Structures are given as structure tokens and as C-alpha cells.
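S.K.: Take a look at this one; I'll ask things after.
Just so you know, all these numbers are worked out from the coordinates, no wet-lab data involved. All values reported here derive from a predicted model rather than from experimental measurement. Note that each Cβ is placed from the backbone with ideal geometry, even for glycine, and that neighbours are counted across all protein chains shown.
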């Protein structure tokens, strides 16, 4: 059940020149939130910037009602958010999304992420690990300077693979190459992915070819975040080009089965 | 203090409604507050048959507002009658169905069905800027509006409100067409046609290239148009366009709106409509106004 909560900002950390982690006290939202859910953040009390910013949950401490989000400064909204001072209250709407990451029926999880898409995968990996799942994590970044959260993800992984496209750090190439190898060795029951569109498309294709259950966390330009404006449309797989039908990321997702969307 | 109004034959406990396309069929926001607090819920634009809407991206933010090109995605009137209407009826609020179509026949067939349902009124959508056929194509001429409204009037006994597009030269003449065709009320404004360009890709952000602008950015245009329409017709006016609080609502009422709608304001805060009701009451207390109807049209022009 989504709620509006004025959450106190209790911590802020700059991870990269344009990437920030914010820590908030949001007990009401955290209570019901699950890995994969997202939050609509109001960055201004005025009407400019107008819309809330959808940001995924990076980490939660349920006992203490702590919520952490990581975001990249992309425009004026995220810039304002990055400048909020400790102690201020931030207007949050959440948890949002009706389908989170689901892993109960699987034991060997492959978690794959790229670039700034890795953030929502941390809570998933952490939570699955706590539930005694075997969690293999594959993260890909463009080059060394973009690598974030390496240590954090390592701690919640049984096996951890890091790649950079240009080989400037860790393994050279794409994370999906290593995922494919592990699939072929029978190490993967299900796949969880979040990242740039080309990566998601490649993971989707691989999962469908190998017939492995796969969940994709999707993004689309969003209005309300709760399912009323029907803005964040994503095409339903198998519906004809001339008469397409759509899911909505905020309502049917944000986590979709790979076989049900055309991205 | 009286906040009750009778709008075009529809009893409302207050003049605050939620605008079509910004509130779905009520379920989503019912998790935040009791819908019975609202004067009325105006549903998502509903058509005779289901519609799947436009390609994404469908929305983008603009200065103090947003553009949308949803394309009237909706599950159709049959689905509404079966699943959404019974849900909405659990609340003590008026239900107004926003009705859209591509042809006059479609509008008429749809309104024949709506006439048989347990709803309080119909808002005829002659103003959606995001679909190829119907809607705004009818809504931007006196003749078009009069023709569709007259045909619908023949089959609809329930209160009939017609929603106008601001994308016209003379909004007052269009409102006159609504009145001349025998409708009970008029609502305005729908969104202003706009466009936003991604300067890196050199392409419009919306897949449909253009979309409807809403939010506080359009409020002064809407207030001006409500005033102009109020001078031209005697039927009640449902005013909307960028309202996010009680002060905004009062502005519309002073300009001549008998009731108001919260639109994109719902997206920035689910409680915008509720806060607007409180804001109107605060204004009434401040100026010792006993009846909310007394505010309507009281602007004194310079």
C-alpha cells in the first residue's frame, strides 16, 4: 500500500561526480517496500520542477525504518535533490510498483546490471542472500571511472563478476558473456536484470533462447507513478505493430517477465 | 458554511472535482483518501470500444507543467460498467463519465449506453488533442460542437457537460454552441497543444511529436477563457487548468467557474484535491462567505 511520507534526510554521500546516495528515515514506506519497488520523490515544494522523480530503492533497513536511494544527477530535479541538506524533510510517495523482483521459486539467481541500472539490484541480492539463495552477480560498466558499489555487491554475492567495456578495470567486455557461460554450465535458475536498454534487450534475448525465467526492471517517462495517467507505456509482447497493446511500468511493473514485454 | 452546489443538475457536496485522465477510475487514489470527500469524480476518457493509446514516450515535463499524448487509452464502456462503476458507487460522490469517440455515431452509441448506467452525468470530450479522428476535430468549430452535442442530447437524459479545447480562436463562440445545442454545462480548458524538443537528438520527445500541455503553466490562459465563456453563456462552468490549491480554485470561481477540477495537480500530490477543498473553506472563513456559490463570477474587472 503506497503512502505519502515526509522523510527526514539523515545521510548523503557523493559516490561519483554526478552520483549521490541519500539515506532517509521513512518507516511507513519501508514497512511495505520490497526489492524492485520505487519511490516518487517530490524535489520542490513549488510547482517547478513540476513532476515527482521516480527513483528506485537501493537499500533498506526495515528494523530501523531506513531507506536508501542512489541517483544520477541528470537534470534540474535530481540536481535540487542532490543539494538537499541533512535534516530536511523530503516528500516521498511509495512504495510504488505492483510487481517487485520475485525469487521464491528459484535457488540459483543470476543478477545482472549495467551502469546506473545496478542500484535496484542491491536490495534484491541482499534480500535473496538472506533467504539462503545462491546469488551470482554480474555487473558491467563502460570503464573504470564509472564503476560503483563494487564492495557492496561483492558482500551479497556468492560469485561476483565485474566487467568494463574497454577493459580499463576488471574483466574486459560485457557482463552478459559471463552470464551466458554460467547458464551453459547449468548454474542459473532465473535471471534478474536492470540497466541500459541495449543490455536489457541482450539479456532478454539470451533468456528467451535458453528458456530461463527472467525478470527485467524497466524505466519509461512517468507522470503520476501510481497508474492513473497511463504515461509510462511499454508494449506487450506479441501484440501486432498496427494494433499494439501496452503495459504500464508503474502499475504492471516495474519488474516484468522478459517474455511479456517488447522493449 | 455551505459548500454544496448543484452543477448542471448534479448535486455535489463541494465544487471540487478531479479531471478526466488524471484520476483513472478512482481506485489508485482511493488508497490515499476517502473519495467521498470529493464533489465528483470525472472518469478517464471512456469510449465505446477499448482503445490502446499512443506509442511511448507519452509524457514529458515542461516548465511548471507537462505534456501528454496518451491517446485516450481506456478499457471501453462495457468494462467500466462491469468493474469500475460498482467500485466508484461505493463512495458518496458524484460520478461523471468523460465520453469520447471518433465519429458522431460512436458518441451517440456510447451515450445511449451511458444513459442506462447508474452515473450522475456525462462530460462529452470534444477536446482531446492527441487522437487522429474525432474529439478536437469536432471541438474546434461552432458547427462541429453543435452537431455532436445535439445528436448526443437526443439520446441522453442525464446531465450533459461538454469539455472544450482551448486550441481555438474564439472560445466563447464554441461555448455558445454547447448552450445552443441544449447541453447543461460546459467544462474548460482541456490541454493546450504543445511540443518539446530533445536538442541532442533533434527530435520531439513525445513519440506523437505533439501533446497536450497541462499544469500551472496554463492557468492564466484557463482563467481568461473561463471569464470569457462566463460572459457568453448562462449554463454553469466547470473550470480547470493548472489548479494546485485553494487560491487557484478561488481564482477560477471568481472568473465565473461554478465548480473546478484538479488535473495534473493530482500527480504532484495525491492530496491536492483534498487540500483544495480546505483552501476554499479557508477563503470563505477569511471573507465571511456563507455560501460557496456566492464566490462565482465576482471578479471586478478594471
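S.K.: Using only the alpha-carbon atoms of the range A:32-164, report the extent along each of the three principal axes, biggest first, to the nearest angstrom.
M.R.: 47, 36, 25
S.K.: Given a cut-off of 16 Å, what percent of all Cα-Cα pairs of the range B:1-40 lie beyond it?
M.R.: 40
S.K.: Residues of A:87-93, mean number of Cβ from any other protein chain within 10 Å of their own Cβ, rounded to a whole number? Please report the intermediate quantities before stating the final value.
M.R.: On the way: counts 0, 0, 0, 0, 2, 0, 5.
What the average comes to for A:87-93 is 1.
S.K.: Ordered by packing density, taken as the mean number of other Cβ atoms within 10 Å over each peptide's residues, highest first, how do A:95-106, B:205-216 rank? Display every interim value, and only then the final one.
M.R.: Details: A:95-106: 19.0, B:205-216: 22.5.
In decreasing order of mean packing, A:95-106, B:205-216 become B:205-216, A:95-106.
S.K.: Pairs of alpha-carbon atoms within less than 8 angstrom and 6+ residues apart define the contacts here; what relative contact order does the range A:72-156 have, in percent?
M.R.: Working: 61 pairs, mean separation 22.4, N = 85.
Normalised by residue count, the contact order of the range A:72-156 is 26 percent.
S.K.: For the range B:65-158, which semi-axes, largest first and in whole Å, follow from the square roots of 5 times the eigenvalues of its Cα gyration tensor? Write out the running numbers ahead of the final one.
M.R.: On the way: eigenvalues 102, 62, 27 Å².
The equivalent ellipsoid of the range B:65-158 has semi-axes of 23, 18, 12 Å.
S.K.: Treat chain A as a sphere of radius equal to its Kirkwood radius over Cα pairs and apply Stokes-Einstein at 4 °C in a medium of 1.567 mPa s; give the translational diffusion coefficient in µm²/s, rounded to a whole number.
M.R.: On the way: Rh = 18.7 Å.
This corresponds to a translational diffusion coefficient of 69 µm²/s.
S.K.: Can you tell me the order of B:83-95, B:237-249 when each peptide is scored by its average per-residue count of other Cβ atoms within 10 angstrom, highest first?
M.R.: Working: B:83-95: 16.3, B:237-249: 26.2.
Packing proxy ranking, top to bottom: B:237-249, B:83-95.
S.K.: Next up: What per residue convex hull volume, in Å³, do the alpha-carbon atoms of the range B:94-139 yield?
M.R.: Details: hull volume 2.7 nm³, N = 46.
That works out to 60 Å³ per residue.
S.K.: Between the range B:98-142 and the range B:43-71, how far is it from one alpha carbon centroid to the other, in angstrom?
M.R.: What the calculation gives is 16 Å, centre to centre.
S.K.: How fast does the range A:202-263 diffuse by Stokes-Einstein, in µm²/s, taking the Kirkwood radius from C-alpha pairs at 10 °C and 1.306 mPa s? Can you show the working numbers first?
M.R.: Values: Rh = 12.1 Å.
Diffusion coefficient, whole number: 131 µm²/s.
S.K.: With 10 Å bins from zero, work out the P(r) of the range A:3-96 over every alpha carbon pair and list the percent per bin.
M.R.: In whole percents, the pair-distance histogram is 18, 56, 25, 1.
S.K.: Now for a separate question. Viscosity 1.002 mPa s, temperature 20 °C: give me the Stokes-Einstein translational D for the protein assembly as shown in µm²/s, with Rh taken as the Kirkwood radius over C-alpha pairs.
M.R.: 86
S.K.: Can you work out the base-10 log of I(q)/I(0) for the range A:108-216 at q = 0.14 1/Å, using the Debye formula on its C-alpha atoms alone?
M.R.: With no solvent term, the Cα-only Debye profile gives -0.47.
S.K.: On to the next question. Report the label-to-label distance for residue B:291 and residue A:150 in nanometres (one decimal), using points 7 Å from each Cα along the Cα→Cβ vector.
M.R.: Going from the residue B:291 label point to the residue A:150 one covers 7.5 nm.
S.K.: Further question on the same structure: Rg to Rh for the range B:51-99: what is it, with Cα atoms only and Rh by Kirkwood? List each step's numbers first, then the result.
M.R.: Numbers: Rg = 14.6 Å, Rh = 13.2 Å.
For the range B:51-99, the value is 1.11.
S.K.: Could you check the simple spin-label distance between residue A:105 and residue B:133, using points 7 Å along Cα→Cβ, in nm with one decimal?
M.R.: Between residue A:105 and residue B:133, the label points sit 4.2 nm apart.
S.K.: Largest first, please: the extent of the C-alpha atoms of the range A:191-234 along each principal axis, to the nearest Å.
M.R.: On the principal axes, the range A:191-234 reaches 36, 18, 13 Å in Cα extent.
S.K.: Any idea what the relative contact order of chain B is, in percent, if you count C-alpha pairs under 8 Å spaced at least 6 apart? Let's see the in-between values first.
M.R.: Working: 728 pairs, mean separation 58.4, N = 302.
The normalised contact order for chain B reaches 19 percent.
S.K.: Cα axis of helix A:197-210 to longest principal axis of chain A: angle in degrees, 0 to 90, nearest 10?
M.R.: With rounding to tens, the tilt is 40 degrees.
S.K.: Now, a different point. Throw me the Rg/Rh for the range B:106-205, computed over C-alpha atoms with Kirkwood Rh, two decimals.
M.R.: Working: Rg = 15.4 Å, Rh = 14.3 Å.
Reported Rg/Rh, Kirkwood definition of Rh: 1.08.
S.K.: Separate question: Using only Cα atoms, what Kirkwood radius does the range B:183-302 have, in angstroms? Before the final figure, lay out the partial values.
M.R.: On the way: mean 1/r = 0.0649 Å⁻¹.
Roughly 15.4 Å, rounded to one decimal.
S.K.: Could you tell me the ratio Rg/Rh of chain B? Both radii from Cα atoms, Rh via Kirkwood.
M.R.: Numbers: Rg = 17.8 Å, Rh = 18.9 Å.
Computed over Cα atoms, the ratio is 0.94.
S.K.: Now, a different point. Quick check: the angle from helix A:119-130's long axis to the longest principal axis of chain A, C-alpha only, nearest 10 degrees?
M.R.: Relative to chain A, helix A:119-130 is tipped by roughly 70 degrees.
S.K.: Starting with the fewest neighbours, write out A:153, A:38 ranked by other beta-carbon atoms found within 10 Å of each beta-carbon. Walk me through the intermediate numbers first.
M.R.: On the way: A:153 22, A:38 28.
Ordered from fewest to most neighbouring Cβ atoms within 10 Å, A:153, A:38 come out as A:153, A:38.
S.K.: May I pose another question? If neighbour count is taken as other Cβ atoms inside 10 Å, put B:300, B:294 in order from fewest to most.
M.R.: Numbers: B:300 5, B:294 13.
Listing B:300, B:294 from fewest to most nearby Cβ atoms yields B:300, B:294.
S.K.: Modelled label-to-label distance, residue B:33 and residue A:10, 7 Å Cα→beta-carbon offset: nm?
M.R.: Inter-label distance under the simple model: 3.0 nm.
S.K.: Something else now. Where does the range A:49-120 land on the Kirkwood hydrodynamic radius, alpha-carbon pairs, in angstrom? Before the final figure, lay out the partial values.
M.R.: On the way: mean 1/r = 0.0675 Å⁻¹.
Mean inverse Cα-Cα distance, inverted, gives 14.8 Å.
S.K.: As a footprinting exposure proxy, order B:123, A:172 by other Cβ within 10 Å, with the fewest listed first. Each step should come with its number before you reach the end.
M.R.: Values: B:123 28, A:172 12.
With the sparsest Cβ surroundings first, the list reads A:172, B:123.
S.K.: I've got another one for you. Ignore the peptide's own chain and count Cβ atoms of other chains within 10 Å of each Cβ in A:47-55; give me the average, rounded.
M.R.: The shielding value for this peptide is 6.
S.K.: Let me confirm one metric for peptide A:216-224, namely the mean number of other chain beta-carbon atoms within 10 Å of its residues' beta-carbons.
M.R.: Values: counts 0, 0, 0, 0, 4, 9, 5, 15, 11.
Mean partner-chain Cβ count within 10 Å for A:216-224: 5.
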